[in-house]
Each structure stands twice: as structure tokens, then as C-alpha cells.
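Here is the structure we will look at, set down as C-alpha cells.
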């Protein structure tokens with residue numbers, strides 16, 4: 001079994017790309033599901049807002065899911081890292 005990645009590196013990957021941290025931890029399916037929901041909710045908020053709404057407002061749903069995925073990826077990486085240390 002390969003040595004788990006440093007949780008801070010996983011955190012950085014999760015911040016850079018939705019689902020990227022999960023893929024790095026080895027949970028590709030979970031990462032792809034998060035990425036899918038980021039795109040889906042971004043699209044839903046985009047089509048339900050007015051053109052005068054800011055970029056952040058028009059994509060708030062996707063950004064919210066992305067924000068939820070970041071600590072989840074970090075927590076999973078931290079747990080794997082701690083389990084490997086024992």
C-alpha cells in the first residue's frame with residue numbers, strides 16, 4: 001500500500017480543482033460526484049438568476065458544493081495519514 005499523501009497537499013488540490021483532493025486520496029468516485037454536483041448546481045443557479053447578478057452569485061450553488069468538498073477531502077486525507085502513521 002503506497003504512503004498516503006500529506007493532508008495539506010490534498011487540501012491544496014481540493015482548493016484548486018473540485019474533487020481533486022478526493023481523487024488524490026484514492027476516492028475517485030467521490031471526487032467525480034463532487035465535481036458533477038459542482039457543475040450541476042452552478043448551472044442551476046446560473047439559469048435561475050438574472051444577468052445583472054455577479055459571477056459569484058450566478059454560480060453560488062456550485063461554489064457552495066465546492067466549499068463543502070474541501071474540508072471533506074482534507075478530513076479523509078488526515079484520517080488516512082494518521083492511520084498509516086500507526
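Counting alpha carbon pairs within less than 8 Å and at least 6 residues apart, what relative contact order, in whole percent, applies to region 11-86?
So the answer I get is 33 percent.
Taking the Cα of residue 85, stepping 7 Å toward and past its beta carbon, and measuring to each backbone N in region 1-19: which are under 12 Å?
Label zone hits: 6-8.
Please compute the length gained on full extension between residue 67 and residue 29, using 0.36 nm multiplied by the number of residues separating them and subtracting their Cα-Cα distance. Before the final figure, lay out each step's value.
Details: separation 38, 0.36 × 38 = 13.68 nm, distance 1.79 nm.
Extending this stretch completely gives an extra 11.9 nm.
What is the helix-to-structure angle for 7-16, meaning the angle in degrees between its Cα long axis and the longest Cα principal axis of the chain, kept from 0 to 90 and rounded to the nearest 10?
Helix 7-16 sits roughly 20 degrees off the main axis of the chain.
Once the piece of chain linking residue 16 and residue 40 is laid out straight, how much longer is it, given 0.36 nm per residue of separation minus the C-alpha distance between them?
Details: separation 24, 0.36 × 24 = 8.64 nm, distance 1.84 nm.
Extra length available between residue 16 and residue 40 comes to 6.8 nm.
Residue separation times 0.36 nm, minus the C-alpha to C-alpha distance between residue 54 and residue 75: what's the value?
Working: separation 21, 0.36 × 21 = 7.56 nm, distance 3.15 nm.
Stretched fully, the residue 54-residue 75 segment lengthens by 4.4 nm.
A short reminder: the numbers here are calculations on the coordinates, not readings from a lab. Please read all numbers here as calculations on a predicted model, not as lab measurements. Every residue, glycine as well, gets a Cβ built from its backbone with ideal geometry; the counts of neighbours run over all protein chains shown.
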